[in-house]
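The values are calculated or read from the model by the stated rules, or taken from the named source; none is laboratory data. What you see is a predicted model, and the numbers here were worked out from it, not measured in a lab. Heads up, the Cβs are rebuilt from the backbone with ideal geometry, glycines too, and the neighbour counts pull from every protein chain shown. The protein model used for the area step is the full one, side chains on, heavy atoms only, and it has no ligands, DNA or RNA in it. Shrake-Rupley method; radii C 1.70, N 1.55, O 1.52, S 1.80 Å.
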Amino acid sequence: MGRLTLSLIVKNEEKYLKGCLDSVMGIIDEIILVDTGSTDRTKEIAARYEAKIFDYEWKNNFAAARNFALSKTTGDWILYLDADERLTKESIAEIKMIIANDKRIGVNCIVRSTDQTTQNTHSIYYPRLFKYHKSIRFQGKVHEQIIQSLFRSGYRMVNSKILINHLGYDVDISEKKEKALRNLSILLAEYNELNSDYYAFQLANTYKTLDDSKNAKEYYQKVIDSKTLNRHYVAIAASSLAYISLEEKNFTEAENYIEKSLTINNHSSYSNLLAAKISFGLNNTEDAIKYSLKSLEISKSPKNTEALSIQINREEVIYFGLLISYLSNNKMFFDRFWLELKHEIRHRMNYDKTISYIQQLLTGKKPISFSYGVFKSVYNNFNSLFIQKLISQLKDIDFRIELLENMEKDFNEDSIYKELAKAYSEKGLVEKAIEIFEKRGRKNLDAAELLYLLSFYLQSNNSEVAAGIIEVIEEKYKSYPQIIERIAPLKKKILNSTKLFNEAYDNISESKSQ
């Protein structure tokens, strides 16, 4: 059996390093750890595992650091990881079998990341294990690649079931954005130098993380027009464009992109759920249910061997299915998703409360023995829209307002603001409804929020301010015909009411002068 080297580059990884090294114990013969300037206990932890530690001056170039680590290896095979990655126990036997031969091969391993906010998993094949040869070199200052070098050296690539869990998504949004911002300038330099579609893909993802949808769309478009990039990258780029278009309420554009994504890879729970949301936005409930059911079925038995895939959390699919079934009054499909929910959460500590609260909310009445503390334990990212819709149907308007006011304080969700504003409006508290949106600033409101604000001003017969909001919408969404068409009758109504007011005012003025 060949000797196996674990190759690592690190900086201030005391939080993650022990877990990484523990995961490879019993299979690794050598640990090469290149430190690029740690000021914490990283090197101290590495020393406990008898790692060979080398200091390296960071040069804003991940490939250079990786290649320096390769130059220090004495093993026959290389397994390279990041400190926030873990080799699964089930993968050890397959690695032992692979390194028992002497063939020049690169081994594609499944690197799986889980977003702790959405619980969605992102799986991608990377050649993380390969027979070592001095000709092998990494390329790329960031998101470094080795596959081109393996091909040039005559290596054969093989797929495996070796699974590496990546914990890097287990950070808050600000940390993700900080990392993306750090990589952005390096990625731009690489893209400008190499004009690579792969770097266009990474740039698009980076801009998406930074909430820069304009640049994200530009680079995702380059990816879907690519003639050389792996089709799975193209599918993800198309679904990402569909997601951005959906967020912008451009449903027709979103539909075109998701169709392209599903044409390439229709076995994606994420893309099918996205297609369901887009269909629902287009008032096509039949297709929305169809895509939801397919997303649900795929999520039960995901193809983890896809070269690049996103698998959605099943709870999100189930709750969206409940939402659209409820809104379309489709009892047959509602019962189907309801059974799925019971099965999915049957082992949860709050199972009984979740089922009981939802059943009571479905009656349109205040839940018996209601406790806001218990409600908070039931409410989560996956069921938020469904439960908010049930709350919006509650007949007790005072209870509804009280509940939404508490939720507004505890949960940072735009949809709660909208539901609370609608409840205020229904209660006749139009000024409070207006205040909710105005305090956020009109420029920060999306199309739906601006339309709500417009309706509230019309409700309070304030045509002058309503006309100003029409102008904001027309300017902000001039390239979105669906939105412009939607406000056209409102604009006409405002103009007519203004005209009638002016005529009445002129008549009064004339009568006074006579």
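Computed from phi, the 3J(HN,Hα) profile of the stretch 418-429 under the Karplus parametrisation 6.51, -1.76, 1.60 (θ = phi - 60°) reads 5, 5, 5, 4, 5, 5, 4, 4, 5, 6, x, 9 Hz, with x in place of Gly and Pro. Surface listing: H122, H166 arranged by accessible area from highest to lowest gives H122, H166, probe 1.4 Å.
When a/c is below 1.5 the answer is rounded, else prolate if a/b is larger than b/c, else oblate, so apply that to the stretch 134-216 with a ≥ b ≥ c taken from the square roots of the Cα gyration tensor eigenvalues. Oblate, because a/c is 1.5 or more while a/b does not exceed b/c.
Across the stretch 61-136, the mean sequence separation of Cα contacts (distance under 8 Å, 6 or more residues apart), normalised by length, yields a relative contact order of 36 percent. Here's how it looks for I162: its modeled amide H is under 5 Å from those of I110, which are all 5 or more places away or on a different chain. Computed over protein heavy atoms with a 1.4 Å probe, the carbon and sulfur contribution to the accessible area of the chain reaches 49%. The local environment of S377, defined by Cβ-Cβ distances under 11 Å, has a net charge of +3 under the rule Lys, Arg +1 and Asp, Glu -1. For the residue pairs K290/K422; K43/K177; K277/K389; K59/K141; K217/K260; K52/K141, alpha carbon separations beyond 19 Å are given by K290/K422; K43/K177; K52/K141.
Magnitude of the charge dipole for the chain, about its Cα centre and with charges confined to Cβ atoms of Lys, Arg (+1) and Asp, Glu (-1), is about 1280 debye.
A simple rule links phi to the HN-Hα coupling: the Karplus curve 6.51 cos²θ - 1.76 cosθ + 1.60 with θ = phi - 60°, which for the stretch 59-72 gives 10, 6, 8, 5, 4, 4, 5, 4, 5, 4, 5, 4, 5, 9 Hz, with x for Gly and Pro. Listed by chain and number, the aspartates and glutamates whose alpha-carbon sits under 17 Å from that of K300, ignoring those within fewer than 8 places in the same chain, are E315, E316, E340, E344. Rounded if a/c is under 1.5, else prolate if a/b is larger than b/c, else oblate: which is the chain, with a ≥ b ≥ c the root eigenvalues of its Cα gyration tensor? Judged from the Cα gyration tensor, the chain comes out prolate (a/c at least 1.5, a/b above b/c).
Ordering 291-298, 178-185 by mean Cβ neighbour count within 10 Å, with the highest value first, yields 291-298, 178-185.
Count Lys and Arg as plus one, Asp and Glu as minus one, and take only other residues whose Cβ is under 11 Å from that of Q360; the net charge is then +3. Considering only alpha-carbon pairs that sit under 8 angstrom and 6 or more positions apart, the relative contact order computed for the stretch 19-149 is 27 percent. On a per residue basis, the stretch 22-136 carries 44 Å² of accessible surface, using protein heavy atoms and a 1.4 Å probe. The packing ranking, built from the mean of other Cβ atoms within 10 Å per residue, places the peptides 230-236, 134-140 in the order 230-236, 134-140, highest first.
Centre-to-centre separation between the Cα atoms of the stretch 315-358 and those of the stretch 399-431: 24 Å.
Since only N230, A83, N61 are under comparison, the one whose Cα sits farthest along the positive direction of the charge dipole of the chain, derived from C-beta charges on Lys, Arg, Asp and Glu, is N230. Take every Cα pair under 8 Å whose residues are at least 6 apart in sequence, average their separation, divide by the length of the chain, and the relative contact order is 8 percent.
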